[in-house]
Amino acid sequence: PPPSLIALAGAAGATSSLCQLWLSRGMLPAAGFTCIPLGANGLEVRLQGGTAFPEEVEVQVDFEIYAGNASLIAGAPDNRWSITTVDRNAVVKDQTQDIPGFTVYASLENAALVPQDVTAMSYANHAEFRFQVSVGVSAGASLVIGSPVGFALYPLTFRPSGLPGADTPEQPKARQGDSLSEAIVSMQLPLAASQMYSFHITVGNPAVSPPDNLWVIEIRDAGGETVNIDSQIPGFLVQSAFNTSIIESQLDEPLAENYIHITVAVSERLVADSILERSTCVPTVEEPVCPPRRGLATFIVVVAPEGFQFQATCGYWVLSRVGSRYYGLPPGSLCRADQDQENIARVQVSLSLEPLRIYEFTLQVRNALSVPLDNVWELRAVQDGVVRERNARVEGFSLRQLRTLRLTPSTTLAGVVDNTVTVQMRSERPLSRGSEILVVAPVGFVFDPDSAASSFPNPVTVELVEASTVRFRMSELDFVAPNTFFFVSLKVRNPPQTPTPNFWYYYIQSQFNEHIDLLKYYNGFAIAHTMYYCQVYPNRLPWDYGSWNELSLLFVTRYPIFTEEAAQLVPGKAAGEQGSWSLTLVAPSGFRFPQLNRYTDRCSGFRRWGGKESYEQLPETQANPIRCSVLTSRSVLITVPTSLINQTRYSFRINATVAATRSEISFQEQWRLTVLESGQIVHLGSSPSPLLAQYYEAEWFWVGDQASGDTAAA
């Protein structure tokens, strides 16, 4: 029929060029005939090489056809075929017109499946199905949903969110079909053409993705006849994990040729038998097309971090690890590196891998200069282009780096221009004469190359590569033995706030640019900020010498504190590590913090609130109560739990005693309050000492624009 196209090479919509010719139920070789497109919807089979048909013989032609976008009904006048035989002199021998064709159903438009959970063996995948009908469907129709082998549909969780009548008594109902992989939705209202519809139904995921992962949505009218269908809806890949996946290394030397030992065990059988076997399927007249063979392209894909390199044929690799008690890969397996990405190797498996059987093999790889911050490898089991099982986070191995490094700043205050940073290192390799030490600080730091110093006997040469990158060059007379401590230092201007990311980088090379040692992703220090306001407020006046008093500490920070969001801005935390906040208060000489009693180190008179309305109290939770401990006679430590409230104004109260005589008191010293997160200073505040033995109006109220830093006290 005219809407159809013969699916030969070059035809529109063609996916292959299948053309087979049978004579007396025997297939002729391809050299005996040729198939030529005849117009858009015709096919000419021309005999060649002396091939001839005797009379009264059964002939069969097999070919593929593209049905087009129009639907055809069996028996309709426009659904007719014709067959003609013509000799080489263009004389018609036989001809049959008006052969009834078969039904071509109208196709759904924009049919799609949107999963919610792609985890293997999940029964919480409340998937969404979307579609448009190309022709209007009358009331009383039904939707038939078919899933690939291994999936299950559960109509009890059906939600007709985007179907007609979803919020009315005539809402659609769902029931189970002939199997768990089929569900039927009964419609009470009609469906309009070109309108998007959707519904939700729970899908039970299999253990692994099936090779044929195509879904079906079929719409049948009230009489059970198909009116719209789409049997080619792409499915989703199930995220299946290996039962076992381990990678071990033999060497940790950077840039060295290394052997890695890979251990895997698949959860489901990985089919690969046909790579060494011929297909046992023989085309027949009844089944002229053999099903595609499975396992023709079965791989174990190894993805290393950036910087690692596999050779073209994976170097000296073996199917089984020497001395291993586990199985090796089947004989005949091949390994090839990806041509575009040298950190990817593909091991083509020759025979099927059995489930829950542990296989171990060895590949050769060139180590990277250093491992990434997220040091994970990826393993995939791929069958016929479908990822069957996968582990995207196989723990990698570490490479040798600087064993000891200490970064010591003289101050961490924001914007300070004379912060002397000292870097102490120890390498397991000797530093040859004239070696270079490259130090890369986070963006925002500015080095001063004229202030360099080191522990080497002779002066070092300093080159400022960039504002935050400096290179130290040792003298030709200096040499550092292995495992010997040495340091370099210079002044640096701190950034206005803690940079993100806050990693320092150290690289040691010889004068000929040969690798000696390095350390990447070293956590820097947090940038501290001066408080907008900090005041020690005595609650009882006058405060006589030799007596105690209840003090209120009132302070205002530049940024919110005691929250998890603020804690995560401080560098040095491991993955998933929670914030840890604390306060330290140090009094001048002559003042002392008493303990609650002689049997505890708790602070005397400690309260979470300072008593002034414009200041918040320190946070506390039932699971993690606040605690004040006396460290020394002049210092206390207050551990504060994490809060959900973004605040910068806080206060607390604590008891303190003063010396009996004026000579014992240092009035020039300040009271110093420090806010720490995970042991790192984030805010600093200082306050003058209260006046003693006299009446006065103590300052406690602060007004200021925190954005500009303008302050005023009353």
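The values are calculated or read from the model by the stated rules, or taken from the named source; none is laboratory data. Here the structure is a predicted model, which is why all the values come from computation and not from measurement. Note that we place each Cβ from the backbone using ideal geometry, even for glycine, and neighbour counts take in every protein chain shown. We work out accessible area using only protein heavy atoms, side chains counted, and drop any ligands, DNA or RNA first. Shrake-Rupley method; radii C 1.70, N 1.55, O 1.52, S 1.80 Å.
On the basis of being open to solvent by 50 Å² or more (accessible area, probe 1.4 Å), under 26 Å from T412 (Cβ atoms) and in contact with a strand residue (DSSP E or B) (Cβ under 9 Å, 6 or more places away or on another chain), does G704 make the cut?
It is false that G704 is open to solvent by 50 Å² or more (accessible area, probe 1.4 Å), under 26 Å from T412 (Cβ atoms) and in contact with a strand residue (DSSP E or B) (Cβ under 9 Å, 6 or more places away or on another chain).
For the subset of the range 398-421 comprising residues that are closer than 30 Å to Y532 by Cα and in contact with a Lys or Arg (Cβ under 8 Å, 6 or more places away or on another chain), which member is surrounded by the most Cβ atoms within 10 Å (Cβ to Cβ)?
V421
Under the condition of being among the hydrophobic types (A, V, I, L, M, F, W, C) and in contact with a Phe, Trp or Tyr (Cβ under 9 Å, 6 or more places away or on another chain), which residue from the range 398-413 is nearest to M121 (Cα to Cα)? So that I can check it myself, show each step before the final result.
Step one: of the range 398-413, the residues among the hydrophobic types (A, V, I, L, M, F, W, C) are 399, 402, 405, 407, 413.
This time we only want the ones that are in contact with a Phe, Trp or Tyr (Cβ under 9 Å, 6 or more places away or on another chain), so: 402, 405, 407.
Values: L402: 45, L405: 47, L407: 49 Å.
Among them, the one singled out is L402.
Just checking, which of E664, E677 is more than 27 Å from R540 (Cα to Cα), in contact (Cβ under 8 Å) with a residue 40 or more places away in the chain and of a type in the set (D, E)?
Residue meeting the stated conditions: E677.
Being at positive phi and loosely packed, with under 14 Cβ neighbours inside 10 Å narrows it down to one of G576, G590, so name that one.
G576
Let me spell it out: the conditions are (1) open to solvent by less than 40 Å² (accessible area, probe 1.4 Å); (2) within 33 Å of the chain's Cα centre (by Cα), and V636 meets all of them except one. Which number is the exception?
Result: V636 fails condition (2) only.
Being among the small types (G, A, S), assigned to a loop (DSSP other than H, G, I, E, B) and touching an Asp or Glu at 6+ places or on another chain (Cβ under 9 Å): is that true of S82 here?
No.
Which of the residues spanning the range 53-87 are aliphatic (A, V, I, L, M), surrounded by 13 or more Cβ atoms within 10 Å (Cβ to Cβ) and either in contact with a Lys or Arg (Cβ under 6 Å, 6 or more places away or on another chain) or over 28 Å from G26 (Cβ atoms) (or both)? Show your work before the answer.
At the first step, the residues of the range 53-87 found to be aliphatic (A, V, I, L, M) are 57, 59, 61, 65, 67, 70, 72-74, 76, 83, 86.
Next cut, surrounded by 13 or more Cβ atoms within 10 Å (Cβ to Cβ) only: 59, 61, 65, 67, 70, 72-73, 76, 86.
Passing the criteria: A67, A70, L72, I73, A76.
Going through the range 619-642 one residue at a time, which ones are without any contact (Cβ under 8 Å) to a residue 40 or more places away in the chain and within 16 Å of F562 (Cβ to Cβ)?
Hits for the range 619-642 are E620, T621, A623, N624, P625, I626, R627, C628.
Could you grab me the full set of residues in the range 184-205 that are among the hydrophobic types (A, V, I, L, M, F, W, C), within 20 Å of V114 (Cα to Cα) and buried (at least 16 other Cβ atoms within 10 Å of the Cβ)?
So the first thing to find is which residues in the range 184-205 are among the hydrophobic types (A, V, I, L, M, F, W, C), and the list is 184-185, 187, 189, 191-193, 196, 199, 201, 203.
The next check asks that each one be within 20 Å of V114 (Cα to Cα); those that pass are 184-185, 196, 199, 201, 203.
Selection gives I184, V185, F199, I201, V203.
Please specify each residue of the range 124-143 satisfying the condition of being surrounded by 17 or more Cβ atoms within 10 Å (Cβ to Cβ), over 23 Å from the mean Cα position of the chain (by Cα) and of a type in the set (A, V, I, L, M, F, W, C).
Once the filter is applied, which keeps residues that are surrounded by 17 or more Cβ atoms within 10 Å (Cβ to Cβ), over 23 Å from the mean Cα position of the chain (by Cα) and of a type in the set (A, V, I, L, M, F, W, C), the range 124-143 yields F129, F131, V133, V137, A141, L143.
Identify, please: which residue in the range 402-443 is of a type in the set (D, E) and more than 36 Å from the chain's Cα centre (by Cα) and is, among those, farthest from S489 (Cα to Cα)? Steps first, answer last, please.
In the first step, residues of the range 402-443 are kept if they are of a type in the set (D, E); the result is 418, 428, 436.
Those left that are additionally more than 36 Å from the chain's Cα centre (by Cα): 418, 436.
Numbers: D418: 12, E436: 14 Å.
The qualifying residue farthest from S489 (Cα to Cα) is E436.
Is it the case that the range 382-399 has a residue that's small (G, A, S) and assigned to a strand (DSSP E or B)? Show your work before the answer.
Of the range 382-399, the ones small (G, A, S) are 385, 392, 396, 398.
Still in the running and assigned to a strand (DSSP E or B): 392.
Within the range 382-399 (the criterion being small (G, A, S) and assigned to a strand (DSSP E or B)), the answer is yes, since at least one residue qualifies.
List the pairs whose first member sits in the range 519-538 and is of a type in the set (V, I, T), whose second member is part of a strand (DSSP E or B) and open to solvent by less than 20 Å² (accessible area, probe 1.4 Å), and whose Cβ atoms are under 7 Å apart, counting only residues at least 6 apart or on separate chains?
Listed pairs, sorted by first residue: V536/L551; V536/L553; V536/W671; V536/S687.
Taking the range 88-123 as the region of interest, how many residues are on the phi < 0 side of the Ramachandran plot, part of a loop (DSSP other than H, G, I, E, B) and open to solvent by 50 Å² or more (accessible area, probe 1.4 Å)?
Residues that pass the stated criteria total 8.
For the range 206-283, please list each of the strands (runs of 3 or more DSSP E) lying entirely inside it that holds at least 3 residues being over 25 Å from P330 (Cβ atoms) and open to solvent by 30 Å² or more (accessible area, probe 1.4 Å).
Output list reads 214-220, 226-234.
Do you know which residues across the range 319-356 are open to solvent by 50 Å² or more (accessible area, probe 1.4 Å), more than 16 Å from E378 (Cα to Cα) and in a strand (DSSP E or B)?
Passing the criteria: Y327, L334, R336.
Any chance the range 377-397 includes a residue that's surrounded by fewer than 16 Cβ atoms within 10 Å (Cβ to Cβ), touching a residue at least 60 places away in the same chain (Cβ under 8 Å) and either under 26 Å from P501 (Cβ atoms) or hydroxyl-bearing (S, T, Y) (or both)? Break it down stepwise before answering.
We begin by selecting, within the range 377-397, every residue surrounded by fewer than 16 Cβ atoms within 10 Å (Cβ to Cβ); these are 385, 392-393, 395.
Remaining after also requiring touching a residue at least 60 places away in the same chain (Cβ under 8 Å): 385, 395.
Those left that are additionally either under 26 Å from P501 (Cβ atoms) or hydroxyl-bearing (S, T, Y) (or both): 395.
Yes.
Within the range 527-541, how many residues turn out to be among the aliphatic types (A, V, I, L, M) and farther than 16 Å from G685 by Cα?
Residues meeting the conditions: 1.
Specify which of the listed residues (Y359, Y316) is in contact (Cβ under 8 Å) with a residue 24 or more places away in the chain, touching a strand residue (DSSP E or B) at 6+ places or on another chain (Cβ under 6 Å) and surrounded by fewer than 16 Cβ atoms within 10 Å (Cβ to Cβ).
Working: Y359 fails: surrounded by fewer than 16 Cβ atoms within 10 Å (Cβ to Cβ).
Going through Y359, Y316 in turn, just one is in contact (Cβ under 8 Å) with a residue 24 or more places away in the chain, touching a strand residue (DSSP E or B) at 6+ places or on another chain (Cβ under 6 Å) and surrounded by fewer than 16 Cβ atoms within 10 Å (Cβ to Cβ): Y316.
Look at D601 and say whether it is among the acidic types (D, E), within 48 Å of the chain's Cα centre (by Cα) and open to solvent by less than 40 Å² (accessible area, probe 1.4 Å).
no
Given the criteria within 27 Å of the chain's Cα centre (by Cα) and either aliphatic (A, V, I, L, M) or at positive phi (or both), does A241 qualify?
Working: within 27 Å of the chain's Cα centre (by Cα): yes; either aliphatic (A, V, I, L, M) or at positive phi (or both): yes.
Taking the combined requirement at face value, the residue satisfies it.
What's the number of the condition N646 fails, among (1) surrounded by fewer than 18 Cβ atoms within 10 Å (Cβ to Cβ); (2) modelled with pLDDT under 95; (3) over 43 Å from the mean Cα position of the chain (by Cα); (4) polar (S, T, N, Q)?
Of (1) surrounded by fewer than 18 Cβ atoms within 10 Å (Cβ to Cβ); (2) modelled with pLDDT under 95; (3) over 43 Å from the mean Cα position of the chain (by Cα); (4) polar (S, T, N, Q), only one is false for N646: (3).
If you scan the range 538-570, which residues turn out to be open to solvent by less than 20 Å² (accessible area, probe 1.4 Å) and not hydrophobic (A, V, I, L, M, F, W, C)?
Residues satisfying the conditions are P538, N549, S552, T557, T563.
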